[in-house]
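Notes to accompany the following structure.
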Amino acid sequence: MADISLTPTEAFGHQSDSRWSGLVPIGRQFLRALPLAALVLGVAVILNFALPRLAPGDPIDFLVPAEQANAISAEQREQLAGSYGLNGSEWEQFTRYLGNLVQGDLGISTRHGRPVTSLLAERLPWTLLLVGTSVLLSTLIGAALGFRSAWRRGTRSDVRTLTGVMVADSFPPFFVALLLMLLFSVQLKLLPVFGALPGTEAQGLAFAFEVARRAVLPIAALTLAGLGSAYLVARSSAVSELGEDYVTMAAAKGLDPSGVRRHARRNALVPVWTVAMLNVGALFGGAAPVETVFSYPGLGRLIYESVLSRDYPVLQGCFLLIALGVIAANLVAELVYPFLDPRVRRPGKVGG
Amino acid sequence: MNTMQPASKRRRRAGGIAALALSATVVAGVSPGAAAQSSGSPPASKVTVAIKASENNLTPFTLTLLGLPVSHDLTNLVYDTLFWSQVKDEPEPWLAQSADPSPDRKQWTVKLRPGVTWHDGQPLTADDVAFTFQKMKSTTGGRYSHHVWEYPVFESAEVLDPLTVRINFRDAAPTFKILPGGDLPIVPKHIWEKIDDASKATDILPVGTGPYKMASFVPDQIYRLEANAAYFKGKPKVDAIDLPIVRDQSAAFAALQTGQIDSVDRAVPPELFDQMSNQPGIKVVQSTRMESVHLHFNNRKGALADTRVRNAITEGIDLNAIVQTVLLGHARPGRDTWVHPDSAWADPQGGHVFDAAKANQALDDAGYRRGEDGVRRTAEGNRLEFGLSVAANEPQHQRSAQLIAQQVESIGVKINVESIDAATLRQRRGTGNYDSFITNLESHAHADPDALYFFFHSPAPGAPAGSFGGYSNPQFDQLVEQARATIDNTDRKRLLVDAQRIYAADAPALVLYYPNGDYAYRTAAYNGWIADTGHGILTKRSFIRGYETAAEGTPASSAGADDGPPWAAIGVVLGLSVVGAGALAGRSRRREAFEAEEA
């Protein structure tokens, strides 16, 4: 896993090492993926701009109380919209948005009256804490359970784990969040019900402990939400590896079962890795209801409340950030495949 | 990478812990009060109150970014008004010592209380008051400012001496002490004159004259207020108030139950009422905010433009059934006369009579014959079928709408309930693209003497049906216009009562219920909460000496609802899953042991 941080240029120094011999084509493959990523990003920017505007209602409806809707003149409306850069035709707004975007200006939130960049910088760490930890946990737990099921495929223990994971996976995350809260906070009084920051001004280690305590339940709810896909992919890919000739061969050689499984597991990890990276994107969205239930100040809750208030600038900023995150996760996935599966970096196969 | 064996062991251990935890829940679920903490500790100098949502940095200019703020409670702790509060027809002088009108009521001379200081130590002067009115006048939109630029229309302010200011209005403003006097927060000139765009000043700490000053806030997470020791009515009784934002209603009341917080700044939902009232250490008081939940018709669309149809529909709605079914009795049924029964301007004879037979008769007489499907038809053959839009985030509105649809079926009217998101509903109201909708309003819509004018005076010519139904009746218009300019309180009330009766006869809208406003708090943390009518319990009067007996909270009555707490039901569900999971785990373990033996 430490290999992830290695960039192709760093790796050139190790060319004599046979392990790194395939890195030049990997670098090329990565560079070839970049234009596609840029294209995806471009489409995402257009959609981010268009989608919030397709929903009925607009931010000015939210800024002007319903009781004043008839009292406010069209000029006043336009002036109010202008103070957020939301006046003029859609095309004017879009070109203005693009112009500001290249300068790193994401506009001002219509609900919070603050620059979107500062809002995002404030919320992102909390979501990264929740989503990062839960993707890691759900992948580890899901893969462990999945492989275990695969080795025992068809037995009742496999069927039970499969059923159990599927049932857990089919609960909506906010419902799981409420159940967890009910159990661990209300009945057992072990963990706090809401928030990310402690109520008192704790310092240092005590502060870290309090923050961790408040993250436990949201992370648990999100881990359960991501468990199903990791488990299913791990199980099915391990099952198909077990059918491969090399496994039969290894078993025929007299390798003990745990040795055979070690070989199969390494090859079965590639799809699990892909799903983990996909989960990063899915959990950003899935975090919204969980963050709302636990009043957690993350990106998901910001999106939820911005949808309610039709806060276009914030929605654009959040979706842009998520698009960047998903694209980055995909690029990282591309980059790491060769280390997980040497077949990918064999020159003959790269183009295919 | 883990090998299979330890992972499976871990899983089993985790399963064991979960099973234990679940059985503990089941036991606790049977007796929710069992784990309650002992009360009787000395009064704490800090209380923690959960609030619903972010209110930015609480200044009157940034709070209004929310359009309608979630509540004014926090802003009213930090800022003061000239009078308090706007729900009384004769409000108490607050920052003002007196306010004397000219005979035509267009000029008001306000004398300020001497010795009041801002949170930063600067003295409050007449300049601040004049500046507040001028600044509000130049601010577009917003909850407070429209009582300066729209009604009454502010013209100018002259500072006569450091503590006296004369405020000039375009028209007579007989109720100045109520609006804007009891409503408009006074802001410091020395802070705001330096700020160009007040609505974007969201990163400063608010400076007011109120009993509490903001010590710090973490956006969207928590506000920390501390007592203003120099408050002109004496140092507040509680030294610090922490106000964390708890978005989810059930989370907020769960936190109250566990003692993580001391009160919740939203009314106890009816289904939790008995559980909260019965829990040791928690007290529930009734303190209405004078809110209402109401049904609006589009008075300009199709058959709904016919007064007889609207009247028949309102007569066919059983408001008591809604109060009993949806609110479990924790509300007063609505009145045909709109105004909240506790308001000074309410028609004492207001009420609502449910009479489906009479409604049927009226529709028969009006020529709306029933079709084969039981739904009545207009003369043109169109069905009496209407949409009813409700916000998806308001479960009580949704349930009320469903009941209404059921009830009016018997009078041959078909109502299709449509649950849409709040922003879409706002947009439909703005464009007049609806048949009917349900929404709610705060005390502002009932206690203000000009509320009837505001909500039901004919919209400007050419305006869309309007966000409140587009009702138009010249007779009504004349009465509410007259009331605005009437100096004498008794005369004004007579005019407003007459207007309410015309409104009741025309039925442009119907209040479904006035929620009781039950607020819960932990007595051990602070026991001095009072019911300040129109404001709930999180109000400055709860923390100032001298109001303890003036407005004693009426203990909320139990409505005798037989619905148990939801925890019990969830406990049963969890219990069943424990049994199931336990059985499965046991069998699985046996099976694994069997497999291990075989291998």
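Rule-based calculations on the coordinates, nothing more; no lab input. Everything numeric here is computed off the predicted structure, so don't read it as measured data. Reconstructed Cβ throughout: ideal geometry from the backbone, glycine too, with neighbour counts over all protein chains shown.
Laid out as a table, the results:
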item: Taking B:D306, B:D347 and counting other C-beta atoms within 10 Å, the order from fewest to most; result: B:D306, B:D347
item: Gaussian network model of chain A, springs between alpha carbon atoms under 10 Å - residue of A:V260, A:V116, A:V280 with greatest fluctuation; result: A:V260
item: Straight-distance crosslink candidates among lysines, where the alpha carbon sits under 29 Å from B:K233 and sequence neighbours closer than 8 are dropped; result: B:K46, B:K52, B:K88, B:K111, B:K135, B:K177, B:K189, B:K213, B:K283, B:K540
item: Additional length obtainable on full extension of the chain from A:L54 to A:E92, 0.36 nm per residue less Cα span; result: 12.0 nm
item: Rounded to 10°, Cα long-axis angle of helix A:299-308 versus longest principal axis of chain A; result: 40 degrees
item: Cα-based equivalent ellipsoid of region B:83-192: semi-axis lengths in Å, sorted from largest, via gyration tensor; result: 19, 16, 14
item: Mean Cα-pair separation over length for chain A, i.e. relative contact order, pairs under 8 Å, 6 or more apart, %; result: 27 percent
item: Two-site FRET efficiency, B:D203 against B:N168, from Cβ-Cβ distance with R₀ of 35 Å, rounded to 0.05; result: 0.50
item: Formal net charge of residues neighbouring A:M277 (Cβ-Cβ distance under 15 Å; K, R +1; D, E -1); result: -2
item: Reduced Cα scattering model of region B:385-512, Debye log10 I(q)/I(0), q = 0.14 Å⁻¹; result: -0.71
item: P(r) tail fraction, region B:212-323 - alpha-carbon pairs more than 25 Å apart, %; result: 52 percent
item: Selection from B:G115, B:T139, B:P188 lying farthest towards where the dipole of region B:83-192 points positive, charges on Cβ; result: B:T139
item: Rg over Rh, two decimals, region A:305-346 (C-alpha only, Kirkwood Rh); result: 1.36
item: Estimated vicinal HN-Hα couplings, Hz - region A:97-112 in sequence order (Karplus 6.51, -1.76, 1.60; Gly, Pro = x); result: 4, 4, x, 5, 4, 5, 8, x, 9, 9, x, 10, 5, 6, 8, 9
item: Projected-area average for region B:292-514 over all orientations - Cα convex hull basis, square nanometres; result: 11.9 nm²
item: For region A:117-195, alpha-carbon Rg and Dmax in angstrom; result: 16.8, 53
item: Equivalent-ellipsoid semi-axes of region B:293-336, from the Cα gyration tensor, Å, largest first; result: 25, 10, 7
item: Helix-only [θ]222 nm of chain A, DSSP H runs n ≥ 4, -39500 (n - 2.57) each, per residue, nearest 500; result: -24000 deg cm²/dmol
item: Neighbourhood net charge (15 Å Cβ-Cβ; Lys/Arg +1, Asp/Glu -1) for B:K414; result: -1
item: Stokes-Einstein D for chain A, Kirkwood Rh over Cα pairs, 25 °C, 0.890 mPa s (µm²/s); result: 105 µm²/s
